[in-house]
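*Asks:* One structure coming up, written as structure tokens, with questions to follow.
Read the figures in this text as sums done on the coordinates, not as results from a lab. None of these values were measured; they are calculated from a predicted model. FYI the Cβ positions are ideal-geometry reconstructions off the backbone, even for glycines, and counts take in every protein chain you see.
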Amino acid sequence: MTSKTPKNSVGVSRRTVTAGLGALGVTAGLAPFNIARAAGPLKVGVLLPRSGYQAGIGQDCQRGVDIAAGILKDMGYPELQIINADTETNVDVARSRAEKLIGEGAQLLVGAFDSGQSSAIAQVAEQKGVPFVINIAAAPPITEQGYKFVFRNFPTAPMILRDAFNNQKEIFAAVGTAPKTAVFLHVNDTFGTAMSKAIPGLMPKFDMPYKITETIAYDPAARDLSVELAKAKATGAEAMIVVSRLNDAILLTREMVKQRWSPMAILSMGPGWYEDQYLKTLGKLSDGPLSFVPWYDPNKPLSKKLEEALAKAFPGVNLNTNHVYTFEALLVAADAYKRAGSSDPKALADAIRKTNITNNASPGPGIQFDAKGQNDKLLDSAIQNRGGKLVTVAPKVAANAKPEWPLKPYNQR
């Protein structure tokens, strides 16, 4: 990926290009894409929260961008010119930065991890007629607006919950036990609120073995969650279900240690608990939580390539959701550009609608989009923190380890 904008060529016709290539003996099979490639790389605006309380996750997503160039080249895809922008973990800033990127020539947008910010970007992309490929954002309404230029290769909140419940039951069956009660804590942002609304409607359909005794919402930017954790502990619930972000996951864990509460299981249905910063900050105290999240299939060849590239570029960093789905958003962009043979927004959008990528890393049959622009074929995984590493324990078809159960008490570590 290049950071420089190529100079426009003037007075170069197809005949001239063909003749020039003919001199090199490479005219056979000349496709429209070759002409588009001669015009320069596709300009992709990548919007991520590189500052603000989601900065750690936004910067982690950036690693997925940083390792993409070499892998896409090896896969035979065209070059992408990345134009980065910081949403500052702010919806209004995300909207204005999206407009600015398009004004600067971005031909396709990617982002933005957060559902609220991604919703704002989607509105801009649709108004401007520029394709927007969402890397991470789960709020269902984003792909329920009838948009023609918005595409999401990431599961919606109901899809995450569907697979979370299925994977939980698979784990309960494997370990031979299950909690009977759970307390639910969630951030009150767009994603957390969407999850809290979806859970009551979906749980009965899956005949879960536990009931939620209480739901506790909190601000993801909070610096003290002692009251919320004390309230959760007081319920006497056997398990804690959480929808978190990185900072609050760390705060909640520290509070459990201080308040001497070790539930049977921590069942996370969002980010935070599997982040590298969580593992490194808490050390042995990070072991045990189960995260039911969009992940990657460790058995797929492309996953292994991503792991190798990440290890080389960022030693000590574990491959995770942020890297995989950010990379796959760029993969969708490069694949569409290659097939469209043009950077025209409408041509790109048409090509994205016809996406059929089977050589991918995320669980499931591959990347395709339905009429709403949603990849509804995705599957989620259950992963567990294990000695500073992350292992996949469900579903069995995409697993590389067995679950450890129950959560080891914090005072015994």
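*Asks:* Once label points are set 7 Å from the Cα along Cα→Cβ at both A401 and A222, what is their separation, rounded to one decimal in nm?
*Replies:* 2.9 nm
*Asks:* How high is the relative contact order of region 81-120, in percent, counting Cα pairs under 8 Å that sit 6 or more residues apart?
*Replies:* Numbers: 27 pairs, mean separation 18.7, N = 40.
Taking the mean separation of contacting Cα pairs over the length of region 81-120, I get 47 percent.
*Asks:* Volume per residue, Å³, of the convex hull around the alpha-carbon atoms of region 204-284?
*Replies:* Values: hull volume 8.6 nm³, N = 81.
Hull volume normalised by residue count: 107 Å³.
*Asks:* Using alpha carbons only, how many degrees (0 to 90, rounded to 10) separate the axis of helix 321-340 from the longest principal axis of the chain?
*Replies:* 20 degrees
*Asks:* What is the gain in length, in nm to one decimal, between K408 and K169 on full extension, counting 0.36 nm per residue of separation less the C-alpha to C-alpha distance?
*Replies:* On the way: separation 239, 0.36 × 239 = 86.04 nm, distance 2.02 nm.
Contour length minus Cα-Cα distance gives 84.0 nm.
*Asks:* While we're here: Given a cut-off of 32 Å, name the pairs among K73/K377; K180/K396; K43/K197; K43/K377; K233/K372 whose C-alpha atoms lie farther apart than that in the structure shown.
*Replies:* On the way: K73/K377 26 Å; K180/K396 24 Å; K43/K197 38 Å; K43/K377 28 Å; K233/K372 42 Å.
Over 32 Å apart, Cα to Cα: K43/K197; K233/K372.
*Asks:* Scan the chain and report its longest stretch carrying no GluC sites (Glu not before Pro) that are both in a DSSP loop and have at most 14 other Cβ atoms within 10 Å.
*Replies:* Answer from the scan: 145-413.
*Asks:* Still on this structure, I have one more. Which part of region 275-304 falls in the paramagnetic zone of D370, meaning amide N under 20 Å from the point 7 Å along Cα-to-beta-carbon?
*Replies:* Residues passing the 20 Å test: 293-295.
*Asks:* Next question, about the same structure. Let me have the relative contact order for the chain, percent, based on Cα pairs under 8 Å that are six or more residues apart. Don't skip to the answer; put the middle values down first.
*Replies:* On the way: 873 pairs, mean separation 74.4, N = 413.
Result for the chain is 18 percent.
*Asks:* Do any trypsin sites (Lys or Arg not before Pro) in region 258-319 lie in a DSSP loop with no more than 15 other beta carbon atoms within 10 Å, and if so, which? Intermediate values should be presented prior to the final figure.
*Replies:* On the way: sites: K258, R260, K280, K284, K304, K305, K312; in loops: R260.
For trypsin sites (Lys or Arg not before Pro) across region 258-319 that sit outside H, G, I, E and B with at most 15 neighbouring Cβ atoms in 10 Å, the list reads R260.
*Asks:* Relative to the longest principal axis of the chain, what angle (0 to 90°, nearest 10) does the C-alpha long axis of helix 157-175 take?
*Replies:* 50 degrees
*Asks:* When the Kirkwood hydrodynamic radius is evaluated over all pairs of different C-alpha atoms of region 37-105, what value in angstrom, to one decimal, is obtained? Write out the running numbers ahead of the final one.
*Replies:* On the way: mean 1/r = 0.0768 Å⁻¹.
Evaluated on region 37-105, it is 13.0 Å.
*Asks:* Now a separate question. Taking Cα pairs under 8 Å and at least six residues apart, what relative contact order does region 354-409 come out at, in percent? Walk me through the numbers before you get to the answer.
*Replies:* Values: 74 pairs, mean separation 10.8, N = 56.
Answer for region 354-409 is 19 percent.
*Asks:* Return one number: the angle in degrees, 0 to 90 and rounded to the nearest 10, between the long axis of the Cα atoms of helix 301-313 and the longest principal axis of the Cα atoms of the chain.
*Replies:* Helix 301-313 and the main axis of the chain meet at about 90 degrees.
*Asks:* Taking the Cα of K205, stepping 7 Å toward and past its beta carbon, and measuring to each backbone N in region 135-162: which are under 12 Å?
*Replies:* 157-162
*Asks:* Under the rule of at least 5 residues apart or a separate chain, name every residue whose amide H is placed under 5 Å from the amide H of A138.
*Replies:* Correct list: S115.
*Asks:* Given C-alpha coordinates of region 129-201, what is the ratio Rg to Rh with the Kirkwood estimate of Rh? Each step should come with its number before you reach the end.
*Replies:* Numbers: Rg = 15.6 Å, Rh = 14.3 Å.
With Rh from the inverse mean 1/r over Cα pairs, Rg/Rh is 1.09.
*Asks:* Same structure, new question: Taking θ as phi - 60°, what are the ³J(HN,Hα) couplings along region 264-270 by the Karplus curve (6.51, -1.76, 1.60), each to the nearest whole Hz, with x for Gly and Pro?
*Replies:* Karplus-based 3J(HN,Hα) across region 264-270 equals 4, 7, 10, 10, 9, 10, x Hz.
*Asks:* For region 56-171, what does the convex hull of the Cα positions come to per residue, in cubic angstrom?
*Replies:* On the way: hull volume 15.5 nm³, N = 116.
Enclosed volume per residue, from the Cα hull, is 134 Å³.
*Asks:* Another question, if that's okay. Relative to the present Cα-Cα distance, how much length would full extension add between T177 and R386 at 0.36 nm per residue of separation? Mind dumping the intermediate values first?
*Replies:* On the way: separation 209, 0.36 × 209 = 75.24 nm, distance 2.03 nm.
Gain in length upon complete extension: 73.2 nm.
*Asks:* Hey, another quick one. Of the labelled options (1) 48, 27, 21; (2) 41, 21, 19; (3) 44, 26, 21, which one gives semi-axes √(5λ) of the Cα gyration tensor in Å as computed for this structure?
*Replies:* Only one option fits the structure, namely (2).
*Asks:* Right, next: Give the distance, in whole Å, between the Cα centre of region 111-163 and the Cα centre of region 37-88.
*Replies:* Centre-to-centre (Cα) distance: 17 Å.
*Asks:* How large is the Rg to Rh ratio of region 99-225 when both quantities use alpha carbon positions and Rh follows Kirkwood? Before the final figure, lay out the partial values.
*Replies:* Numbers: Rg = 17.9 Å, Rh = 16.6 Å.
Rg/Rh: 1.08.
*Asks:* Taking only the Cα atoms of region 285-413, how large is their convex hull per residue, in Å³? Show your work: numbers first, answer last.
*Replies:* Working: hull volume 15.6 nm³, N = 129.
Spelled out: Cα convex hull of region 285-413, divided by residues, is 121 Å³.
*Asks:* For the chain, what is the calculated [θ] at 222 nm in deg cm²/dmol (nearest 500), taking -39500 (n - 2.57) for each run of four or more DSSP H residues and dividing by its residue count? Intermediate results must be reported in sequence, preceding the final value.
*Replies:* Working: 14 runs with 171 residues, N = 413.
After summing the helix terms and dividing by the residues of the chain, the value is -13000 deg cm²/dmol.
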